[in-house]
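A short worksheet on the structure shown next.
The values are calculated or read from the model by the stated rules, or taken from the named source; none is laboratory data. Keep in mind that what you see is a predicted model, and the values were worked out from it rather than measured. Quick reminder, even Gly has a Cβ in these numbers, built from the backbone with ideal geometry, and neighbours come from all protein chains shown.
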Amino acid sequence: MRQEALQGVLERCVAELSACLTDSGTRDLRETRLTEMEDELGAVADQLVRQVLPALLRQQAGQVADSGVCPRCGEPLEEKPDQTTLLQTRRGRVHWKQPARRCNKCRRDFFPSGQSAGL
């Protein structure tokens, strides 16, 4: 089912992107080289990744099992403001807000999504 839903989204995106990239069909593509079109689409794909990836990372962080206690001393962890993290991906830099916790007894900060995200 997921693949079918994704295919439907992609089909709608293709239609909208094609209209946007051709100025709703008014752009003359006769003199446009294949490599130019590929470069333009590559830039769109890079931008898409940089916009979707932070949302997926946020969902991943929310799914990580967080017991709410310090793994070292067992004391309750205090929530801290999210930390803005800059990631260098293959598609460019991505900023996202990473959840953070603090153990006041151990004076340590924890980022529950870091290990599972491979950061």
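Listing for the model above:
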read-out: Condition met for Gln51 (more than 30 Å from Asn104 (Cβ to Cβ), out of contact with any Asp or Glu (no Cβ under 8 Å at 6 or more places or on another chain) and in a helix (DSSP H, G or I)); value: yes
read-out: Within region 39-69, tally of residues that are in contact with a Leu (Cβ under 7 Å, 6 or more places away or on another chain) and modelled with pLDDT under 85; value: 2
read-out: Number of positions in region 4-34 that are polar (S, T, N, Q), exposed (fewer than 11 other Cβ atoms within 10 Å of the Cβ) and closer than 26 Å to Val94 by Cα; value: 1
read-out: Residue count, region 72-82 (criterion: more than 11 Å from Cys103 (Cβ to Cβ) and surrounded by fewer than 13 Cβ atoms within 10 Å (Cβ to Cβ)); value: 2
read-out: Qualifying residue in region 3-21 (condition: modelled with pLDDT under 90 and polar (S, T, N, Q)); value: no
read-out: Residue count for region 73-93, restricted to those that are on the phi > 0 side of the Ramachandran plot and touching a residue at least 12 places away in the same chain (Cβ under 8 Å); value: 1
read-out: Residues (under 30 Å from Lys105 (Cβ atoms) and basic (Lys, Arg)) located in region 74-94; value: Lys80
read-out: Search result, residues across region 12-57 that are over 24 Å from the mean Cα position of the chain (by Cα) and of a type in the set (A, V, I, L, M, F, W, C); value: Ala19, Leu29, Leu34, Met37
